[in-house]
Ligand SMILES: Cc1cc2nc3c(=O)[nH]c(=O)nc-3n(C[C@H](O)[C@H](O)[C@H](O)COP(=O)(O)OP(=O)(O)OC[C@H]3O[C@@H](n4cnc5c(N)ncnc54)[C@H](O)[C@@H]3O)c2cc1C
């Protein structure tokens, strides 16, 4: 109950069953929090074909939630190349190739652009139309998770102790109110939740424009001139765009990049796609849409009881394949904090740290994505399609330029593992700065705020699989005193697992005696002794020191 006569229907409502909402809902349910997802789409209606890349970091989150293997088994056929090819046309000249292993070779992939990354879960190429059904079906394995389809959220009212959500059932037309302690808006770029909060998006508008559609072309694969790839990045003096394999058989996404002032209605998309493909095989066009590449972030990510995540909080042009993946990182950051507050051991300061941790990272990664576009929107030599020596020289020169200057977007290790939380009230810093990262550069680090560098234990067991659902204290010397922290944790219900390791059993050496790892695998503290600082460290971990830290 939350006041006379008012009953709470469910602790948490998530608005939107897209990839971010489903990740958040599963993460909450995995922590025992009853969660209701309200989704306006009919049951299991596939989304538009948009995102095609699940980052390694997102796969790590999916592994923690128990379905990374199902995602990896879906999408393109297991033997279909995941390469990226720069080409003059789909059936034109190849300019360069970024080699990325097919799913079947994923764990035997040294020598590829994103092979040998320090993770148990390398990236996977799969379109959102195949990813989302995997999420919905895995969600059914959580007792405490309910998805209500055809449920259109119209608005909400926040009170000091609960939130009232107005929702219309699109099949019956009836409107009702559902009450929750927290509402999490994962309802996409036009977010009703964000509007209800009165929060605006700020940033850079209309950086580029594309007209995108799904084509079905049964004869295209058998008549293609270049070796198979997952994506063909098309560059010639007349036009640019890309072609992405969806099912490895007959379905493809075609993006035709157009000037920002293009009259999309007047554009003959089929004719433009035919020129991009350089083919005369028949194809049909479906789901044609224009999208504008922006770089926008919400001014704020929430209030006291209402928060936004994913495209509801930010959207930017799909360079480096890191928009949905950034939203999944939001979900992983927010879920454990909401659960901690509902479980009683977390202070509300934990929730405030969601924005102070995520917003600076999203500024950084969106700027990196924008810079990718600035780097690859370069003039193409006019002779690039000539069959003579001048054409060959232009292709060699331009292909090298793209491989050297653009290809990091397809193997962006820095975006996956490099970001850190460097001004967080719930992290105990020790004065050392985290290593800088870029699209293609990552330095593993135990500086508090960084992602725990991954290690294999005994050669095959992922360290991540051994972490507890709450905080985990990793100790390389069992004689180090941790009793005060353990007692404080026990008193309050803060979940704390202790993992003792002989450093010799790990394939990575860590430069500290102890590390305290958060539920989202970021480091909260490191050191050789906790001692008298145990009480203040404990208060920081549960979010109660935010006022002092601010
Ligand atoms: C061309 C293109 C290519 C892209 N490629 C990539 C890529 O390679 N990698 C990448 O990381 N990202 C990519 N993205 C971005 C990616 O598609 C989005 O970031 C991702 O879909 C965001 O997920 P989400 O769950 O936040 O929002 P959405 O996927 O938009 O889901 C929101 C959900 O909320 C529901 N909803 C909305 N309003 C309401 C309401 N009022 N009541 C109930 N339900 C509601 C919607 O029906 C929807 O199901 C691409 C985007 C585009 C346009």
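General observations
- The chain: angle of helix 483-492 to the longest principal axis, Cα-based, in degrees nearest 10: 90 degrees
- Highest-first arrangement of 320-333, 515-528, where packing means the average Cβ count within 10 Å: 320-333, 515-528
- Helix 56-65 axis, angle to the chain major axis (alpha carbon atoms, nearest 10°): 50 degrees
- Overall shape of region 255-328 was characterised from the C-alpha gyration tensor. The equivalent ellipsoid obtained from it has semi-axes of 35, 13, 11 Å, in decreasing order.
- All alpha carbon pair distances within region 349-398 were sorted into 10 Å bins beginning at 0; the resulting P(r) in whole percents reads 22, 23, 19, 15, 12, 8, 1.
- Separation of region 419-492 and region 165-222, taken as the distance between their Cα centroids, equals 35 angstrom.
- Each Cα pair under 8 Å and six or more residues apart adds its separation to the average, and for region 1-132 the resulting relative contact order is 27 percent.
- Between helix 19-30 and the chain there is an angle of about 30 degrees, using the helix long axis and the longest principal axis of the Cα atoms.
- Based on the Kirkwood approach, the hydrodynamic radius assigned to region 162-304 is 18.6 Å, with every pair of different Cα atoms included.
- Taking every DSSP helix (H) stretch of at least 4 residues in the chain, weighting each as -39,500 (n - 2.57) and dividing the sum by the residue count yields a mean residue ellipticity at 222 nm of -8000 deg cm²/dmol.
- With the highest mean first, a sort of the peptides 265-275, 210-220 on other beta-carbon atoms found within 10 angstrom per residue produces 210-220, 265-275.
- Against the empirical 2.2 N^0.38 Å (N residues), the chain has a Cα radius of gyration ratio of 1.01.
- Measuring between their Cα centroids, region 275-298 and region 1-69 lie 29 Å from each other.
- Solvent-free Debye scattering, log10 I(q)/I(0), computed from the Cα coordinates of region 162-202 at q = 0.14, 0.16, 0.22 Å⁻¹: -0.39, -0.50, -0.85
- Computing Rg and the Kirkwood Rh from the Cα coordinates of region 408-484 gives a ratio, Rg/Rh, of 1.01.
- Share of pairwise Cα separations in region 345-428, more than 20 Å, in percent: 56 percent
- Computed over Cα pairs, the Kirkwood radius of region 305-346 leads via Stokes-Einstein (0.890 mPa s, 25 °C) to a diffusion coefficient of 215 µm² per second.
- Peptides 92-101, 223-232 ranked from most to least packed by the mean count of surrounding Cβ atoms within 10 Å: 92-101, 223-232.
- Two-decimal log10 I(q)/I(0) for region 402-545, as the Debye equation yields it once each C-alpha is a single scatterer, q = 0.15 Å⁻¹: -0.77
- Contact order normalised by residue count of the chain, Cα under 8 Å, 6+ apart, percent: 15 percent
- Region 277-393 - convex hull of alpha carbons, volume per residue in Å³: 164 Å³
- Translational diffusion coefficient (Stokes-Einstein; Kirkwood radius from C-alpha pairs) of region 182-253 at 37 °C, 0.692 mPa s, in µm²/s: 205 µm²/s
Coordinate-derived values only; no laboratory data. The structure displayed is predicted, hence computed values, not measured ones. Neighbour counts run over all protein chains shown; Cβ positions are idealised from the backbone, glycine included.
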